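*Asks:* Have a look at this one.
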Amino acid sequence: MNTAYLDMIQGKNPGVTPVWYMRQAGRSQAEYRKIKEKYTLFEITKEPELCARVTELPVKEYGVDAAILYKDIMSPMVAMNVNVELKAGVGPVFSTPIRSMADVDKLETFDPTKVDYIAKTITLLTSGMLDVPLIGFCGAPFTIASYLIEGGPTKNYNKTRGMLIGAPDMWNALMTKLADMSIAYLSMQAEAGANALQIFDSWVGAVNVDQYKQGIYPHMERIIKTVKAQYPHLPMAMNGVGTDHLVSIWSHLPLDVIALDWRSSIVMANERGVTQTVQGNLDPAYLFGDEKTLAREVDRILLDGVRYGRHIFNLGHGVFPEADPQKLHWLTDYVHERSREIWAQER
């Protein structure tokens, strides 16, 4: 197995900067688009062989150093008896959003048998199908809650932040149930054979530092500590968007990897006390630029990463549907070749 990704996290200098991309399996790939002509996202995830194939696609097409399990952050909600619809061009939509403590009480305990197809997919992938580590993941309680409370995607998260601030008892009851789900869901993926785990708190950048400390941090700490105690050998990563103001707080969590979006920098993260492996953080917009412009920005990130000492190259957010697969293949090769040169020069 190509262990560069795991080696970097463990502090073993692989002499090259490993690379993978968030949303690397998806609409930017021609083969994936053909599959989506016949199947919805949820239908794909319920077919282990098909889901494993989709997960493997970017590994074969781009030559990345890690695979991330293909599924949606809302995939586990069916195991809590929550009906979610993925509307094209909109995202996850709930017909009965949470508005009261009675609504919170209706959420059932996560039942892994209702999503056993996810575990089966992981076992398929890690039983010889992949030659790179597989990353399992879950959506963080705040991000999941934002969909449940708002009823779907939102730009302002007013109802979500309103509950956090104005109804703390209801908020903490909801967070507790979602944290329990996160622990059980991540544990299921670990048991099935995942080589690493990542928590996506995609929209938590909407809250300020005090709100995070009071209403979110305790639940995140419980999730991470509990999973790490059960599976100390599995690296755990945190990812968010617009979370530069939260990076220093994340550094106090028992995480192995902290992902930075394109508005953060590796140098700044280091100055703010981060000691974990960092991941990121190319602005995906650079994928629309020419190779010279792209290479210049990649060089800057790689140099900062090598000097920091523990860096996994990734985008500061997910791959755009309009991204050119050939550009991603070129980028992967460039990161590997250029980082080897920089590691040799700097180390």
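The values are calculated or read from the model by the stated rules, or taken from the named source; none is laboratory data. Keep in mind that this is a model prediction, so the values were computed, not measured. All Cβ positions, even for glycine, are placed from backbone atoms using ideal geometry, and neighbour counts span all protein chains on display. Areas reflect the complete protein model, heavy atoms only, side chains present, ligands, DNA and RNA absent. Shrake-Rupley method; radii C 1.70, N 1.55, O 1.52, S 1.80 Å.
*Asks:* Determine ³J(HN,Hα), in whole Hz, for all residues of the range 12-22 in sequence, where each value follows from phi through the Karplus function 6.51 cos²θ - 1.76 cosθ + 1.60 and θ = phi - 60°; x replaces Gly and Pro.
*Replies:* Listing the rounded values in order: 8, 5, x, x, 8, 8, x, 9, 8, 10, 5 Hz.
*Asks:* Could I ask something else about it? Taking the chain as a Gaussian network, where each spring joins two C-alpha atoms under 10 Å apart, which residue of Thr277, Thr226, Thr243 fluctuates the most?
*Replies:* Thr226
*Asks:* Whole percent per 10 Å bin, from 0 to the bin with the longest distance: what is P(r) over all C-alpha pairs of the range 33-87?
*Replies:* In whole percents, the pair-distance histogram is 21, 48, 26, 5.
*Asks:* List, in the order given, every pair from Lys12/Lys71; Lys71/Lys120; Lys46/Lys106; Lys114/Lys177 whose Cα-Cα distance in the structure shown is over 21 Å.
*Replies:* Lys12/Lys71; Lys46/Lys106
*Asks:* With a 10 Å cut-off between alpha carbons and a GNM built on the chain, which of Trp250, Trp330, Trp20 moves the most?
*Replies:* Trp330
*Asks:* In whole Hz, with x marking every Gly and Pro, tabulate ³J(HN,Hα) for the range 71-80 from phi via Karplus 6.51 cos²θ - 1.76 cosθ + 1.60, θ = phi - 60°.
*Replies:* 5, 9, 5, 8, 3, x, 5, 4, 7, 10
*Asks:* Carbon and sulfur atoms: what percent of the 1.4 Å accessible area of the chain do they account for?
*Replies:* Answer for the chain: carbon and sulfur cover 49 percent of the accessible area.
*Asks:* Per-residue ellipticity at 222 nm for the chain, helices alone: DSSP H runs ≥ 4 residues times -39500 (n - 2.57), over residue total, nearest 500 deg cm²/dmol?
*Replies:* About -14000 deg cm²/dmol.
*Asks:* May I pose another question? Where nothing but the Cβ of Lys and Arg (+1) and of Asp and Glu (-1) is charged, how large is the charge dipole of the chain around its Cα centre, in debye to the nearest 20?
*Replies:* Using Cβ point charges on Lys, Arg, Asp and Glu, the chain gives about 300 debye.
*Asks:* To continue, here is another question. State, as an integer percentage, the relative contact order of the range 48-194 based on alpha-carbon contacts under 8 Å between residues 6 or more apart.
*Replies:* 30
*Asks:* Also: Given an 8 Å cut-off on Cα distances and at least 6 residues of separation, report the relative contact order of the range 149-275 as a percent.
*Replies:* 23
*Asks:* For the range 117-134, what does the Karplus curve 6.51 cos²θ - 1.76 cosθ + 1.60, with θ = phi - 60°, yield as ³J(HN,Hα) per residue in whole Hz, taken in order and with x for Gly and Pro?
*Replies:* 5, 5, 4, 5, 5, 4, 4, 4, 5, 9, 9, x, 6, 9, 10, 10, x, 9
*Asks:* How much accessible area per residue does the chain have, counting only protein heavy atoms and a probe of 1.4 Å, in square angstrom?
*Replies:* Per-residue value: 41 Å².
*Asks:* Right, next: May I ask for the percentage of alpha-carbon pairs in the chain that lie more than 28 Å from each other?
*Replies:* In whole percent, the long-distance tail amounts to 40.
*Asks:* Related question: Taking the Cα centroid of the range 211-234 and of the range 285-336, what is the distance between the two, rounded to the nearest whole Å?
*Replies:* Measuring centre to centre over Cα atoms gives 30 Å.
*Asks:* Considering only C-alpha atoms, what is the centroid distance from the range 161-189 to the range 1-71, in Å?
*Replies:* Cα centres, the range 161-189 to the range 1-71: 28 Å.
*Asks:* Follow-up. Compute for the range 202-347: radius of gyration divided by Kirkwood radius, i.e. Rg/Rh, restricted to C-alpha atoms, rounded to two decimals.
*Replies:* Rg divided by Rh gives 1.00.
*Asks:* Order 178-184, 265-271 from most to least packed using the mean count of other Cβ atoms within 10 Å.
*Replies:* Final packing ranking: 178-184, 265-271.
*Asks:* Give the residue from Met181, Ile216, Leu302 lying farthest towards the positive end of the charge dipole for the chain; charges sit on Cβ (+1 for Lys and Arg, -1 for Asp and Glu) and the dipole is referred to the Cα centre.
*Replies:* Ile216
*Asks:* Taking Cα pairs under 8 Å and at least six residues apart, what relative contact order does the chain come out at, in percent?
*Replies:* Across the chain, relative contact order equals 21 percent.
*Asks:* Separate question: Can you give the Rg to Rh ratio for the range 91-241, taking only C-alpha atoms and Rh from Kirkwood?
*Replies:* Across the range 91-241, the Cα-based Rg/Rh ratio is 0.98.
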